[in-house]
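The values are calculated or read from the model by the stated rules, or taken from the named source; none is laboratory data. Quick caveat, the model's predicted, so the values are computed rather than measured. Please note: Cβ atoms are built from the backbone with ideal geometry, for glycine as well, and neighbour counts cover all protein chains shown. Accessible surface is based on the protein model in full, side chains and every heavy atom, while ligands, DNA and RNA are left aside. Shrake-Rupley method; radii C 1.70, N 1.55, O 1.52, S 1.80 Å.
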Amino acid sequence: MIEATLNTAQPQVDGKARLELCRHHFPLLRQRVNGKPLVYLDNAATSQKPQVVIDTIMRYYMEENSNIHRGVHYLSEKATEAYEGVRATVRQFLNAGDTREIIFVRGTTEAINLVAHSYGRVHVGKDDEVLISAMEHHSNIVPWQIVCEERGARLRVIPMNDAGELLVEEYEKLLTPRTKIVGLAHVSNALGTVNPVKTMVAMAHARGIPVLLDGAQAVPHMRVDVRDLDCDFYAFSGHKVFGPTGIGVLYGRESLLNAMPPYQSGGDMIKWVTFEKTVYNDLPYKFEAGTPSIAGGVGLGAAIEYLTKLDLDAIGLYEHDLLQYATARLSAVPRVRIVGTAREKAAVLSFTVEGIHPHDIGTILDLEGVAIRTGHHCAQPVMQRFGIPATARASFAFYNTKEDVDVLVKSVEKVIEVLG
Ligand code: PMP
């Protein structure tokens, strides 16, 4: 059905209209909330799922469910084939060199923990430094803090300006012989800033320092090519990219992964076990202990195929236009302040309204059927940097429209009217 919509839509309509047609692929978006048509603007927290993803997961459980890798029976082979097929899909999606470099994990959080606890524990020593940025999600701060505390190392932070852009000159100064790894958000979830990660990777590599990129907020909005970025690790979550929860990906450079110790251990990550000694499995299985989210993996595969057919370049252009429209309209509302005004931004509009707490904005918007997020967005240091406790955040996906933005703006005006 989706195939048919995409193909028949293509010749007659331009990319923008074609993307708007795809809204109908998302059954959840059809519902009403508090008597109003749902306007879903919380995509940075999690995105909705197209019918094809829901159907694929249902079909997997109805026709293929079995444990993978171990069985010789028909169902186990089918499930293994499906799951390993997704690894090939992800490899192509990220343009990684080899499926051995694609590790399935629970999500971005687990991917970063894997690198921090496996790579970090080996390579970060006393008086060494781990370098992250001022706009990281807690999941790219806390694991490094733990490793630094354990190893007697220091966490250093790349500062940003008032627009929410990293200060690349300061970054350069912070790259020293003590720096053992750099961890950077590709796109900030709290500010929407798209960081110049390709340049920043090259700067670190010039000094022999590896770089981990947190791609949780990038992958749903732009084409990502890990070989072009030349990063050493790249993490993303399935649920933010129109796939299910409980599955995500860590891309890692093969030479680094090979030299890293396992992060979790148990079944599947071994070649053989005696009480005296265990020989670990080859990549990628060395990092995949236990039964994974097989249905999650299969659903992620369907989501990536869906997104690839839509064309991420077209999505990027469409969302850029939508964000510009939303920024202009919301900025024109008296007392609204946009937090995060970087030149390069993607899909995120954080804002405050003078004199009104963001939670009150969120609650009143909910009554209008508008779902946004309010709070610190798991990026408390960003709030501290801007001297605010929280923001209201509207975040977009390709199925959002200018009409959604109009409802958002009207509802914010109503908040101001009601709360004064
Ligand atoms: N990094 C960023 C930039 C994020 O936006 C998020 C999710 N909000 C995460 C990491 C963590 O992702 P997950 O909860 O799926 O592990």
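A compact table of results
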{"read-out": "The chain, helix-only ellipticity at 222 nm - DSSP H runs n ≥ 4, -39,500 (n - 2.57), divided by all residues, nearest 500", "value": "-11500 deg cm²/dmol"}
{"read-out": "List THR193, THR291, ordered by accessible area with a 1.4 Å probe, largest first", "value": "THR291, THR193"}
{"read-out": "Mean Cα-pair separation over length for segment 204-341, i.e. relative contact order, pairs under 8 Å, 6 or more apart, %", "value": "20"}
{"read-out": "Gyration tensor (alpha-carbon) shape descriptor, the chain, a/c threshold 1.5", "value": "oblate"}
{"read-out": "Accessible carbon and sulfur surface of segment 349-420 relative to its total accessible area, %, 1.4 Å", "value": "52"}
{"read-out": "Placed amide H near ASP311: partners under 5 Å, 5+ positions off or other chain", "value": "none"}
{"read-out": "Cα gyration tensor, segment 297-387 - rounded (a/c under 1.5), prolate or oblate", "value": "prolate"}
{"read-out": "Of VAL157, VAL249, VAL279, the one that fluctuates the most in a GNM where the chain has Cα springs shorter than 10 Å", "value": "VAL279"}
{"read-out": "Computed over the chain: relative contact order in percent, which uses C-alpha pairs under 8 Å that are six or more apart", "value": "22"}
{"read-out": "Whole-Hz ³J(HN,Hα) from phi, Karplus 6.51 cos²θ - 1.76 cosθ + 1.60, for segment 131-140, glycine and proline x", "value": "10, 10, 10, 6, 10, 6, 5, 3, 6, 10"}
{"read-out": "Within segment 334-405, GluC sites (Glu not before Pro) in DSSP loop having at most 14 other beta-carbon neighbours inside 10 Å", "value": "GLU344, GLU354"}
{"read-out": "Trypsin sites (Lys or Arg not before Pro) restricted to DSSP loop in segment 311-420 with at most 14 other C-beta within 10 Å", "value": "ARG335, ARG343"}
{"read-out": "Amide H within-cut-off set for THR341, under 5 Å, with H built and near neighbours excluded", "value": "GLY164"}
{"read-out": "Hz values of 3J(HN,Hα) by residue in segment 384-392 - Karplus curve (6.51, -1.76, 1.60), Gly and Pro given as x", "value": "4, 4, 8, x, 10, x, 6, 9, 8"}
{"read-out": "Net charge, PRO196 excluded, C-beta distance under 10 Å - Lys, Arg +1, Asp, Glu -1", "value": "-1"}
{"read-out": "Cα centroid separation, segment 270-305 to segment 145-207 (Å)", "value": "31"}
{"read-out": "Amide proton proximity set for ILE247, modelled H, under 5 Å, gap of 5+", "value": "GLY238, HIS239"}
{"read-out": "Magnitude of the charge dipole, the chain, Cβ model with Lys/Arg +1 and Asp/Glu -1, debye to 20", "value": "360"}
{"read-out": "Residue-by-residue Karplus 3J(HN,Hα) for segment 360-370, coefficients 6.51, -1.76, 1.60, Hz, glycine and proline x", "value": "5, 4, x, 5, 6, 4, 4, 5, 8, x, 9"}
